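For reference, the structure discussed in these notes is given below.
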Amino acid sequence: MNMNNEQAPVLVLQPVWDFFVNHLGGFISSPGFILTAVMLGVYLPGIFFSIIDVFVSKRLSLKQSLAVYWRAMKWYSTFYVIAMAIFILVPLPIKLNVPANAPAFIEFSRDIVLYFLIGDFSSYVWHRIEHQNKWYAKHVHYVHHFDKPPLSIWTAMVVNPVEGFFGIFLFHIYGILFPIHPFTFL
């Protein structure tokens, strides 16, 4: 098979991208796809570390882990279910661009690194501001520090909804400000 150098980087991720496009269809062009990717970014590590806490290190009982999960995620989960119902039931004029080609591996790698570096740095700066602003710390951020042991990975998500919005927004600021491939976002 004869291919030029421009095609080679695209082909590395192309089979995976084709799988998503073929199996998720029009959902990739829905804002629900982005919301689902954000929620998976919270749930997958959360479930993984909860399994470690309960079954490997035995630091928490299953009941304790589920209690921390519920304190943290009840509002996020409710928001997700309601938002997804709207995305599915209400025809929205908003459609995301779904490119036919996967991102080149170098583009994918660059965007992943910048996404996490900028997102983590933005979240860190915001967290410092939350502690320095006495009014905000007293009326909004206190919820995060109010959680009692046992603590788990879910404790990071025990926040006031205002703080939750800003935290998610700032962590995903790179993907919001700069156009990235939906595959990279996922």
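The values are calculated or read from the model by the stated rules, or taken from the named source; none is laboratory data. As the structure is a prediction and not an experimental result, all values here were calculated from the model. Cβ coordinates were reconstructed from backbone atoms using ideal geometry, including for glycine residues, and neighbour counts include every protein chain displayed. Ligands, DNA and RNA are stripped out before the accessible areas are found, and what is left, the full protein with its side chains, is counted by its heavy atoms. Shrake-Rupley method; radii C 1.70, N 1.55, O 1.52, S 1.80 Å.
Tell me which DSSP H helices of the chain clear both cut-offs, 24 Å or more of axial length from alpha-carbon atoms and a mean Kyte-Doolittle hydropathy of at least -1.0. Numbers along the way, then the final one.
Values: long enough: 7-24 (25 Å, 0.79); 31-51 (30 Å, 1.82); 62-89 (36 Å, 0.93); 105-132 (40 Å, 0.21).
Those that pass (Cα extent of 24 Å or more, hydropathy at least -1.0) are 7-24, 31-51, 62-89, 105-132.
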Neighbour net charge for residue 144 - beta-carbon separation under 9 angstrom, K R +1, D E -1: -3
Which value in nm describes the separation of the simple spin-label points at residue 23 and residue 79, placed 7 Å from the Cα toward the beta carbon? 2.8
Taking the inverse of the average 1/r across all pairs of different Cα atoms in the stretch 51-120, what Kirkwood radius in Å do you get? 16.5
GNM on the chain, C-alpha springs below 10 Å: top fluctuator among 21, 125, 68? 125
Over the chain, with every protein chain in place, what whole percent of the accessible area is carbon and sulfur at 1.4 Å, could you tell me? 73
Pseudo-spin-label distance residue 128 to residue 142, built 7 Å along Cα→Cβ, given in nm, is 2.5
Could I have the simple spin-label model distance between residue 11 and residue 117, label points 7 Å from Cα toward Cβ, reported in nm to one decimal? 3.0
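Where only protein heavy atoms count, and the probe is 1.4 Å, what is the accessible area per residue for the stretch 75-186 in Å²?
Values: 7350 Å² over 112 residues.
Here the per-residue accessible area is 66 Å².
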I need the calculated FRET efficiency for the pair residue 52 and residue 96, taking r as the beta carbon distance and R₀ as 25 Å, to the nearest 0.05. 0.15
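May I ask for the longest run of the chain untouched by trypsin sites (Lys or Arg not before Pro) that are loop-located per DSSP and have at most 13 neighbouring C-beta atoms (other than their own) within 10 Å? Provide the component values of the computation, followed by the final result.
Details: sites that count: 58, 59, 95.
Longest gap between qualifying sites, sites excluded: 96-186.
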Gaussian network model of the chain, springs between alpha carbon atoms under 10 Å - residue of 93, 150, 103 with greatest fluctuation: 93
Pick out, from 72, 98, 24, the residue whose Cα sits farthest towards the positive end of the charge dipole of the chain, with +1 on the Cβ of Lys and Arg and -1 on the Cβ of Asp and Glu. 72
Could you work out the equivalent-ellipsoid semi-axes for the chain, taking the square root of 5 times each eigenvalue of the Cα gyration tensor, largest first, in whole Å? 34, 20, 19
Given the candidates 116, 83, 172, the one whose Cα lies deepest towards the positive end of the charge dipole of the chain, counting +1 at each Lys or Arg C-beta and -1 at each Asp or Glu C-beta, is 83
